[in-house]
1. Rank-order 279-286, 94-101, 14-21, 304-311 by packing density, defined as the average count of other C-beta atoms within 10 Å over each peptide's residues, highest first.
2. Of all trypsin sites (Lys or Arg not before Pro) in region 158-258, which ones are in loop regions per DSSP and have a Cβ with at most 16 other Cβ atoms within 10 Å?
3. Hey, fewest Cβ within 10 Å first, where do SER175, SER36 land in order?
4. How high is the FRET efficiency between ARG31 and GLU311 when r is their beta carbon distance and R₀ equals 30 Å, given to the nearest 0.05?
5. Using each residue's phi in region 228-240, evaluate 6.51 cos²θ - 1.76 cosθ + 1.60 at θ = phi - 60° and report the 3J(HN,Hα) Karplus result to the nearest Hz, with x for Gly and Pro.
6. Fewest to most neighbouring Cβ within 10 Å: what's the order for GLU52, GLU301?
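Here, each number is a calculation from the coordinates, and none is a lab measurement. The structure presented is a predicted model; accordingly, all values stated were derived computationally and were not measured. We place every Cβ from the backbone using ideal geometry, glycine too, and count neighbours over all the protein chains shown.
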Amino acid sequence: MTYVVTVTVTLPEGAPELDVLQREGVIHLLRRGFDSLEAIEGPDGMEVDLIEDVIAVHPGGALLKLFVDAPALEFAEDAAREVVTELLEQTDPLADWLIARCAVELNSELLQESLDAADGPDAPPADPAERARRHEAAKLSTTAQGHGPRPSEAEVMRARLRELAPALAAAPLESFGYTEDAGERVVGKEAAEVAAGSLVYAIDLLVDELFTDLAGLEEDGPTVADSDAAFMILEDLPPHLAHEYTVLFTRRLVVTAITLTARLTQAAPFRPSCTAEELLLRALLTQAEVTADLYGLLDEEVSTALELFAEAVYAPALAPEDEAREAPEAPEASDGRAEQAPAPASAPADSVDTWFTPFTPSDRVHPYAANEDEEDEEDDETDGAEEADGTGETDESEESLRRKPD
């Protein structure tokens with residue numbers, strides 16, 4: 001049974017963030033370590049095969065995805081933790097790094113398959129609820145023994161995220177539910193700052209993971225559907241379009257992610273400009289939640305703050321120049337009111353061709369990502385409009401002049 005184990009590794013407490021050159025060095029060290037492995041030893045000497053690995057390094061540490069072949073979920077997770085711990089200890093520059101999280105990503109079908117595959121006296125219980133309870137208890141026990149983020153690490157991260165919050169200039173704290181007016185306040189200032197800082201922190205993760213996906217697709221393409229590689233962002237896009245996720249598409253997605261996140265740091269009204277930006281913004285929000293959760297900071301207030309931000313950017317007030325989009329076509333919100341901006345693209349079209357099309361004439365998409373065919377159509381429409389405004393009359397006059405000698 002193949003399991004995907006996600007391992008989050010962080011810098012030691014008080015260590016400065018990694019710059020670009022240092023991140024490349026960490027990737028090299030981790031890659032060299034994993035390439036030297038053929039199999040890893042699980043509990044009770046059981047051999048667990050390491051099939052594939054994906055490495056993404058960001059300023060605060062690394063995110064690893066290990067694809068391992070193991071007889072049961074717990075064996076996969078324990079073996080992954082063991083091998084990463086040993087790899088860090090044997091690599092001097094990384095010896096003080098910490099494992100903040102080690103968890104198996106598993107859907108319900110694979111869970112049942114894992115249950116069926118596991119046997120023997122140490123097999124997990126057949127009841128999924130009891131299995132989940134025991135697994136969670138084991139995680140809590142591991143954390144209590146010193147693994148996972150210590151309370152001091154959580155406080156350091158809380159302070160770091162609050163420092164980053166002002167960088168999200170496009171979204172003031174009001175977007176997260178905090179105001180100076182106590183009567184209108186939904187969350188406290190600290191929760192709003194942690195939520196905003198988590199989004200800023202997640203920008204590096206999102207962009208790095210997209211670059212990692214791009215490298216994997218260039219090496220093992222031509223499309224996600226044709227590739228056996230593991231992807232971090234592309235695999236979360238609608239799977240029925242995987243045959244359209246090409247290298248060129250991914251490059252356009254990277255450029256779109258960079259322009260999207262850059263706009264978030266500029267003091268100007270913000271909203272997604274196209275479907276691709278909506279999907280990337282959703283991925284950014286997920287990364288922000290994971291970041292806060294890893295450090296024990298995702299409490300009810302922070303979750304509410306992130307939800308309020310999502311509502312604010314997905315349904316902003318309609319700009320005057322966009323009134324043509326107002327609509328009978330506008331979808332209805334859950335309370336019956338018409339939305340005034342595109343809702344999150346939970347079910348994009350049956351082709352990625354329209355993902356980079358601006359929602360309105362006032363929205364902008366980076367020229368590299370924009371659809372050339374649509375630009376040509378817009379030029380044709382503009383030419384037609386000019387003819388209707390007078391160019392046609394000029395052509396008619398020129399034609400009549402040409403006929404005059406006759």
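1. Listed from highest to lowest mean packing, they are 279-286, 304-311, 94-101, 14-21.
2. When the trypsin sites (Lys or Arg not before Pro) of region 158-258 are filtered for loop state and at most 16 Cβ neighbours within 10 Å, ARG185 remain.
3. Values: SER175 21, SER36 9.
Exposure proxy ranking, most exposed first: SER36, SER175.
4. That pair, ARG31 with GLU311, gives E of 0.15.
5. Going residue by residue, I get 9, 6, 9, 10, 9, 10, 4, 6, 8, 7, x, x, 6 Hz, with x marking Gly and Pro.
6. GLU52, GLU301
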